[in-house]
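Q: Mind having a look at this structure? Questions to follow.
The values are calculated or read from the model by the stated rules, or taken from the named source; none is laboratory data. This structure is a prediction, so every number in the text was calculated from the model and none was measured. Here the Cβ positions follow ideal geometry from the backbone for every residue, glycine too, while neighbour counts run over all protein chains shown. Quick note on the areas: whole protein, heavy atoms, side chains included, nothing else; ligands and nucleic acids left out. Shrake-Rupley method; radii C 1.70, N 1.55, O 1.52, S 1.80 Å.
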Amino acid sequence: MAGLTAIATTLAWPVSAQEAAQTDPQPDVLSIGGSVTEIIVALGQGHRLKARDTTSTYPPEVTELPDVGYMRALSPEGVLSVGPSLIISEEGAGPPEALEVIRAADVEFIEVPEAFTADGILQKIDVVGDALGVPDRADELAAEVKAALAAATQDAERPEGSKKRVLFVISTQDGKINASGTGTSADAIIRMAGGVNAISDYEGYKQITDEAVGLAAPDVILMMDRGDDHGAADDQLFAMPAIKLTPAAETRASVRIDGLLLLGFGPRTAEAVRQLNDALYDGGA
């Protein structure tokens, strides 16, 4: 837990965005992607942030910054209007035609590779640290994060036969279940937290049939916390035909965790592992 405490302290925003602009009259970085923004702040470079994208919501103070839009639906005009001299973006930003225009502008553009592993998080920190010219601090942060992740995943380990089957549901729009298969951040965090992804026969996110949900037989339904009334939300969830005959519905076992924390694969991922593991096995589910 010492590693998590150190990371949480590092991620504390030292001043407001307005105060930062006063102490540094030329913030120069546009951050695209929630985990990238977290890393920039954790490296002590939050004062350099000039703007952020919609997915960048932590620490909360970054929401005071101008928002250039959702990272997968960027407009060149919106991005370039904030006048950054450096753009640091998670892999997967888009659309491609917008990135072509942005890359053609006279702005340095650094893309941070996405990977849903501990090593992938450390690589993100390394790339961002190099882009910001603080490689030594990046090495320190990487060491802290590595230790915290190792401890959290070791504590989450359990025998195969006792692991709960977890169905990550990204959407229930129009009564249809859109769920995670393999190769996603949801799949990775479930496994790191000592669970089993209930869906293993396809990659990515996909709308699935009621029959497929039944065959998956999840013990727990995992969703992003959208700040709604969880009691009412659970009533609706477990009344859905696709869900109501599952083991999860029998015990009303659902877990909701902040989406950026759960799926961001940034400096706080060890915290996400512990939260999910606790929810699955220590009475939360």
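Q: Quick check on the chain: of the DSSP beta bridges with both residues there, what percent are antiparallel, nearest 5%?
A: For the chain, the DSSP antiparallel bridge percentage is about 20.
Q: State the percentage of accessible surface on the range 28-133 attributable to carbon and sulfur atoms; use a 1.4 Å probe and exclude ligands, DNA and RNA. Could the numbers behind the result be given before it?
A: Details: 2070 of 4100 Å².
Carbon and sulfur: 50 percent of the exposed surface of the range 28-133.
Q: Separation of the range 181-255 and the range 51-109 by C-alpha centroid, Å?
A: Using only Cα atoms to place each centre, the spacing works out to 32 Å.
Q: Can you give the accessible area of residue 224 in Å² (nearest 10), computed on protein heavy atoms with a 1.4 Å probe?
A: 40
Q: Counting only protein chains, not ligands or nucleic acids, how are 220, 101, 134 ordered by accessible area (probe 1.4 Å), most first? Spell out each step's value before the answer.
A: On the way: 220 0, 101 75, 134 30 Å².
Descending order: 101, 134, 220.
Q: Please give, to one decimal in nm, the separation of the simple spin-label points placed at residue 143 and residue 209, each 7 Å out from Cα toward the Cβ.
A: Going by the 7 Å Cα→Cβ label model, 5.5 nm.
Q: A further question on this structure: State in Å² the accessible area per residue of the chain; use a 1.4 Å probe, count heavy atoms of protein chains only, and round to the nearest integer. Could you put the intermediate results ahead of the total?
A: Details: 12810 Å² over 285 residues.
Counting only protein heavy atoms, the per-residue value for the chain is 45 Å².
Q: Now a separate question. Taking amide H atoms as placed 1.01 Å from N in the peptide plane, list the residues 5 or more away in sequence, or in a different chain, whose amide H sits under 5 Å from that of residue 182.
A: 202, 203, 204
Q: Less than 9 Å Cβ to Cβ from residue 138, Lys/Arg counted +1 and Asp/Glu -1: what total charge do the surrounding residues give?
A: -4
Q: Separate question: Report the gain in length on full extension from residue 150 to residue 239: 0.36 nm times residue separation, minus Cα-Cα distance, nm rounded to one decimal.
A: Numbers: separation 89, 0.36 × 89 = 32.04 nm, distance 3.86 nm.
Taking residue 150 through residue 239 to full extension adds about 28.2 nm, to one decimal.
Q: Let me ask another. List every DSSP H helix in the chain whose Cα atoms extend 24 Å or more along the helix's own long axis and whose mean Kyte-Doolittle hydropathy is at least -0.5. Write down the numbers at each step before the final one.
A: Working: long enough: 135-156 (31 Å, -0.17).
Membrane-span-like by this criterion, though nothing is claimed about a membrane: 135-156.
Q: Now, a different point. On the protein heavy atoms, probe 1.4 angstrom, tell me the percent of accessible surface of the range 140-222 carried by carbon and sulfur.
A: Details: 1800 of 3910 Å².
About 46 percent, which is the carbon plus sulfur part of the accessible surface.
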